Amino acid sequence: EDQVTQSPEALRLQEGESSSLNCSYTVSGLRGLFWYRQDPGKGPEFLFTLYSAGEEKEKERLKATLTKKESFLHITAPKPEDSATYLCAAFSGGGSYIPTFGRGTSLIVHP
Amino acid sequence: ETGVTQSPTHLIKTRGQQVTLRCSSQSGHNTVSWYQQALGQGPQFIFQYYREEENGRGNFPPRFSGLQFPNYSSELNVNALELDDSALYLCASSLGGLPVETQYFGPGTRLLVL
């Protein structure tokens, strides 16, 4: 059974304090891994898709990386507007292609 | 380009009732996936509709059903509502069926079952 585990569950940072969120996955034959941002009461907003180990993608203060077992979302010099829940999802190429989501990391950035 | 829209935004039902939720896909997208997100959890895949056919289903009972129309909009129907069906229901639109390479979510419908 495909599994995606995110850590930590919650993270509090001061503005400007860089950190990383972790997404560990167990899927047979990873086809792709997604990162989303979700604000309270809203649908997830697409951030990145990563396809192979070693791949990196950047958007503003966010950088996503992928290894064979996990993905990291690095947040550099965060601002209060980066506060949200960050979700990752993985899907395998060896079966139904259905994405499996983690429970998310709730990030709060204090000014 | 219009984004993904869902209706209604909120809904309250009682146990045993039936509910229909609606989703309009993003312009140019032919695929709609439905997800259930319980409080504090990640979204769980219910099913996907591609070219008006169900094209993949998660671990949900048959009382969860759907439709896709020729304009690619979609409905999610849930019969015999249970208390555990209370959740945020999300639809996401994309191109080309499974696997979903990139999908864009709507704002969701918050369903409360009493």
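The values are calculated or read from the model by the stated rules, or taken from the named source; none is laboratory data. Remember, predicted model here, so these are calculated numbers, not experimental data. No Cβ is skipped: glycine too gets one built from the backbone with ideal geometry, and neighbour counts run over all protein chains shown.
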Restricting attention to segment B:77-114, the residues that are within 9 Å of chain A (Cβ to nearest Cβ) and of a type in the set (A, V, I, L, M, F, W, C) number exactly 7
Screening A:ALA90, A:ALA10 for residues that are surrounded by 15 or more Cβ atoms within 10 Å (Cβ to Cβ), among the small types (Gly, Ala, Ser) and within 14 Å of another protein chain (Cβ to nearest Cβ) leaves only A:ALA90
Of the residues in segment A:66-84, those that are out of contact with any Leu (no Cβ under 7 Å at 6 or more places or on another chain) and among the hydroxyl-bearing types (Ser, Thr, Tyr) come to A:THR67, A:THR76
Among strands (runs of 3 or more DSSP E) completely within segment B:1-99, the ones holding 1 or more residues that are under 23 Å from A:TRP35 (Cβ atoms) and at pLDDT below 95 are B:31-37, B:44-50, B:53-57, B:87-94
Discussion item. Going by what's in this entry, would A:PHE46 be described as buried (at least 21 other Cβ atoms within 10 Å of the Cβ), under 28 Å from B:ASN59 (Cα atoms) and aromatic (Phe, Trp, Tyr)?
Written reply: no
Filter segment A:94-108 for residues that are at the interface with another protein chain (Cβ under 7 Å from one of its Cβ atoms) and farther than 17 Å from A:THR5 by Cβ; the one that is modelled with the lowest pLDDT is A:SER96
Can you confirm whether segment A:64-74 contains a residue that is within 23 Å of B:TYR35 (Cα to Cα) and charged (D, E, K, R)? no
Of the residues in segment B:38-54, those that are surrounded by 22 or more Cβ atoms within 10 Å (Cβ to Cβ) and facing chain A (nearest Cβ under 9 Å) come to B:GLY42, B:PRO43, B:PHE45, B:GLN48
Picked from segment A:20-41 (must be away from chain B (no Cβ under 12 Å) and buried (at least 20 other Cβ atoms within 10 Å of the Cβ)), the residue modelled with the lowest pLDDT is A:TYR25
Filtering segment B:66-114 down to residues that are buried (at least 17 other Cβ atoms within 10 Å of the Cβ), polar (S, T, N, Q) and over 25 Å from B:GLY28 (Cβ atoms) yields B:SER86
Wholly inside segment A:4-95, strands (runs of 3 or more DSSP E) that include 3 or more residues that are out of contact with any Cys (no Cβ under 9 Å at 6 or more places or on another chain) are A:10-14, A:19-26, A:30-38, A:45-50, A:56-59, A:62-66, A:84-92
Scanning segment B:17-66 for residues that are more than 10 Å from the chain's Cα centre (by Cα) and of a type in the set (A, V, I, L, M), the one farthest from A:GLY43 (Cα to Cα) turns out to be B:VAL19
For A:THR65, the lone unmet condition from (1) closer than 19 Å to A:PRO78 by Cβ; (2) among the hydroxyl-bearing types (Ser, Thr, Tyr); (3) touching a residue at least 24 places away in the same chain (Cβ under 8 Å) is (3)
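A quick yes/no check of all residues on (1) farther than 20 Å from A:TYR97 by Cβ; (2) in contact with a helix residue (DSSP H, G or I) (Cβ under 9 Å, 6 or more places away or on another chain); (3) among the polar types (S, T, N, Q):
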{"position": "B:GLN18", "(1), (2), (3)": "yes, no, yes"}
{"position": "B:SER33", "(1), (2), (3)": "no, no, yes"}
{"position": "B:GLN44", "(1), (2), (3)": "no, no, yes"}
{"position": "B:GLU53", "(1), (2), (3)": "no, no, no"}
